[in-house]
Each structure stands twice: as C-alpha cells, then as structure tokens.
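*Asks:* Here it is: the structure, laid out below.
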Amino acid sequence: MGRYFELAGKPAVLVTSFAATVVLLAVFPAIPVGGELLDVRRGYGYDEALAALAGYGTEGRYLYAWASATLDTLLPVAYATFLAGVTYRFRPSERLRVLAWLPLALGVLDLGENAQIIAMLVQYPDVSEGQVASASAFTVTKSFFFGACFAYALVLVVLAAARRLLGRRPAA
C-alpha cells in the first residue's frame, strides 16, 4: 500500500482526485430522485426511510440505485484517494503515515452504506427495521469519519503551507 499512498500524494493525482471529488459531490446529490437522498442525511429512522423510499417513486428508486452503484461508488474512491494522498504527502512525521489508512477505511464505510441503501431501494417495500438501522448507522459513521478525515487533511495542508511560508521569510 506504500506505493498507493505515494501515488495518491503526487501533485497530479491530488489535483485529479480533488477535481473528481468536487464534480461528484456536485452531481450525485443533484440526481432528481424525487426527494432528499438518504446518503446526505445525518441519519434516519424506519418511518423516515420508508417515507423517503415511497417518495422517490419507482423511477426515482431505480435512478437512485443506479447512481449509488455508479457515481456513488466513484465518489468514495475519489475522495479517499485525495484524503489519503494529502494525509500521506503532508504528514509532519514519518510515524504518522499510518493515518493515511483512515480515508481508505472511510471509503469502505461509504461503500457499505451504498450497498445498504441499494438493497433498501431494490427491496422496497420489503425493508426491515434492522436494515434501516444498519444503513443509518453506516450513514452516521461515514459522516463523522468524513468530517474527521477532512479536518485532519485541512490541518495538515495549513501546517505545510505555514512551514513553507515561514521557511521562505527573509532573515531580519
């Protein structure tokens, strides 16, 4: 995995994965399914999920399932690569390179969430309370870890920029 992290930390890959993330974050939530996507909520209960699934209608559920299997599979690959690359490239010490694994774990959580949501979309109206609880738990956990990984990457970039600016200051 060291080669993957080195590749992900290269400037061209960082720019490409960032651009893909921005595009997919703009496109996926805008998919016209007839309601708010379950993916973008902070969590949901059984009644709320069933109401959303019903509100999508047959065509909306089909479109949402298709988008989850395609666009929302590319999205975690893009942002996990970007965040892992930033975390690896800008780590302040060699021992912190292990933290580059966290965005990959986040991507796996997101893919698990996608599988849960696709199953609910396909099985509707035969969706169990346990299935909704599991999907919502994936969504809540993903949201938390995304925020944590993004905040950590942002701190690393700010610290790296500060080190670079301070290193270029002329001596007084």
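*Asks:* So what is the accessible area of the stretch 1-104 per residue, in Å², with the probe set to 1.4 Å?
*Replies:* With the other protein chains kept in place, the stretch 1-104 gives 53 Å² per residue.
*Asks:* Related question: Quick one: go through the stretch 80-104 and flag any residue whose amide nitrogen is under 12 Å from the point 7 Å out along the Cα-to-Cβ line of L25.
*Replies:* 80, 82-83
*Asks:* Then there is this: Please give the charge dipole size of the stretch 55-124, origin at the Cα centre, charges +1 on K and R Cβ atoms and -1 on D and E Cβ atoms. Round to the nearest 20 debye.
*Replies:* 360
*Asks:* Once neighbouring chains are kept in place and the probe is 1.4 Å, which whole percent of the accessible area of the chain is contributed by carbon and sulfur?
*Replies:* With neighbouring chains kept in place, the figure for the chain is 68 percent.
*Asks:* Say each of R97 and K10 gets a label point 7 Å from the Cα, pointing the same way as Cα to Cβ; how far apart are those two points in nm?
*Replies:* Going from the R97 label point to the K10 one covers 1.7 nm.
*Asks:* May I pose another question? Taking the chain as the reference, fit the longest principal axis to its C-alpha atoms, fit the long axis of helix 129-167 to the helix C-alpha atoms, and give the angle between the two in degrees, 0 to 90, nearest 10.
*Replies:* Helix 129-167 sits at roughly 20 degrees to that axis.
*Asks:* Rounded to the nearest 0.05, what FRET efficiency do L159 and T70 have when you use their Cβ-Cβ distance and R0 = 35 Å?
*Replies:* So, using R0 = 35 Å, E works out to roughly 0.45.
*Asks:* If the viscosity is 1.002 mPa s and the temperature 20 °C, what translational diffusion coefficient in µm²/s does Stokes-Einstein give for the chain when Rh comes from Kirkwood over Cα pairs?
*Replies:* The diffusion coefficient I find is 123 µm²/s.
*Asks:* Could you work out the relative contact order of the stretch 71-172, using alpha carbon pairs under 8 angstrom and six or more residues apart, expressed as a whole percent?
*Replies:* Computed over the stretch 71-172, the figure is 32 percent.
The values are calculated or read from the model by the stated rules, or taken from the named source; none is laboratory data. What you are looking at is a predicted structure, and each value in this text was computed from that prediction instead of being measured. Note that we place each Cβ from the backbone using ideal geometry, even for glycine, and neighbour counts take in every protein chain shown. Keep in mind that these areas ignore ligands, DNA and RNA; they rest on the heavy atoms of the full protein, side chains included. Shrake-Rupley method; radii C 1.70, N 1.55, O 1.52, S 1.80 Å.
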